[in-house]
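Participant: I have a structure here, written as structure tokens, and I will follow up with some questions on it.
Quick note: the coordinates plus some simple rules give every number you see, no bench work behind them. This is a predicted model, so every value here is computed, not measured. Virtual Cβ from ideal backbone geometry, glycine too; neighbours counted across all protein chains shown.
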Amino acid sequence: MTTFRDLKLSEKILHALERAGFEHPTPIQAQAIPPALAGKDVIGTAATGTGKTAAFLLPIVERLAARPGRPGPRALVLAPTRELAVQIEEQLERFGKTLHVRGALVIGGVGMGNQTRTLREHEVVVATPGRLVDHLQQGTARLDGIEVLVLDEADRMLDMGFKPQLTRILSRLPKVRQTLLFSATMAGEVADFARAHLRDPAKVEVARSGTTAERAEQQVFHPGQHEKLPLLLALLEDDELSTLVFTRTKRRADKVAKVLQRAGHKVARIHADRSQAQRRMALDGFKDGTYRVLVATDIAARGIDVAEIGHVVNFDLPHVPEDYVHRVGRTARMAASGRASSFASPEELPLLRDIEGLTRKALPKVEVPRDRATFQAELKRSAEAQASPGAGAQPAGFNRNRRRAAAHNARRGGGGGGGAARASGAASGGGHAARGGGHAPQGGGAAGGSAKPKLVGSWGGKRRR
């Protein structure tokens, strides 16, 4: 078996690995580190969770520690999401601290002041493309001293539309540099990008592009859309495994988290509308067991490095089949095992076929447990909520402006019952005062009464002077 010593790493790096608990290199590390140490460009293709981060960080730390240079950035690591960038920087701290190789974390959602200082002083920049471009525009980042460029999860960055930002960043880098590109999938736009920006790269492919984690037990259910929440609750009842639930939209994530919380589960959520502090709190709580369930959009598919996620649930199938590979890669990381369950409603069957085409295997189908008490109870509760939304609920299409108009009329009415009647009138179309530029009637009568409207200001034409 290959050891880290066999890879010709320095004693200081070996001691850092030992302190961090690394015993043997993973296949991607064993194959990618030697050419990277030799200064060659590298293309690494491996399933998520196989140790790609150390495969590029160890050669960077080794190179910068062996040849100290002037203060400032000498290596740049680009990642698609804040969460992934944070975890790369944390790994860099573990490996580089004793060798005096420091990282500058450059991500959105936090102030730029401290980032500006570390960009001037630290050797390795770990950044998301958007925030780094912000610094370039403001003149607070210089990249002319970069010796090594790493593109981590390159396929995801291109899928997310970062190609213009990547092009702009690459235009600021020295032409002579080492480039390391790592991705779980390698096809189409990623392959074209690699051909354009890498020079005679060493190609390391631990698993074929589109391969999911080997130890992940995968299964697919075929519920209706209205059955997804009951099914999720039934699956959570089967065990106590930590569970990561992926939804397609932020609104869906909020709804799922609310239902799970009401059912008594400890749950957190993470998506683009959450602040960086909220996202970090949710991830940390999920890691330390404060929350059993984390509900997330694909923003987290490549940014969650938790050793023991027992169950990944695709509540909604992803539109991009490669994202399935990354979602499943959150479980069965390294040598662990795990389970991945996907919910494919009838309208999502074309997405399922795309996923099975990419992974080159059909997912085992499992019957939806419709006879389970938990399933039936949630299905009944959901049906009753839709049939009787409650006194405070508003009909579909009751948008923000109409709510504001109704509330305004209620306040002007000066009474509980009259205000409610006016709000109801405004919602149903009977009270047009708020939309037509007039005002609600005075007193406590219903909207549409004969009371003379109160005039505010002068509505007459101005006299000529």
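Participant: Using a cut-off of under 19 Å, list every residue of segment 36-77 whose amide N is near the label point 7 Å from the Cα of E18 along the Cα-to-beta-carbon line.
Facilitator: What the label zone holds, given the 19 Å backbone N cut-off, is 58, 62.
Participant: Still on this structure, I have one more. Rounded to the nearest 0.05, what FRET efficiency is calculated for A187 and A383 with R0 set to 41 Å and r the Cβ-Cβ distance?
Facilitator: With a Förster radius of 41 Å, E is 0.40.
Participant: Among the listed pairs K228/K287; K255/K380; K52/K175; K40/K163; K8/K175, which are separated by more than 19 Å between their Cα atoms?
Facilitator: Too far apart for the 19 Å limit: K228/K287; K52/K175; K40/K163; K8/K175.
Participant: Only loop residues by DSSP count here, and only those with at most 13 other Cβ atoms within 10 Å; note down the trypsin sites (Lys or Arg not before Pro) in segment 1-87 that meet that.
Facilitator: When the trypsin sites (Lys or Arg not before Pro) of segment 1-87 are filtered for loop state and at most 13 Cβ neighbours within 10 Å, K8 remain.
Participant: Further question on the same structure: Explain nothing, just the number: dipole magnitude of segment 216-387 about its Cα centre with +1 on each Lys and Arg Cβ and -1 on each Asp and Glu Cβ, in debye rounded to the nearest 20.
Facilitator: 440
Participant: With a 10 Å Cβ neighbour count serving as the proxy for reagent exposure, in which order, fewest first, do T2, T128 appear?
Facilitator: T2, T128
Participant: If you don't mind, another one. Assuming 0.36 nm per residue, please report the length gained on full extension of the stretch R120 to D288 beyond their Cα-Cα distance.
Facilitator: 57.1 nm
Participant: Once the piece of chain linking R70 and K175 is laid out straight, how much longer is it, given 0.36 nm per residue of separation minus the C-alpha distance between them?
Facilitator: 35.9 nm
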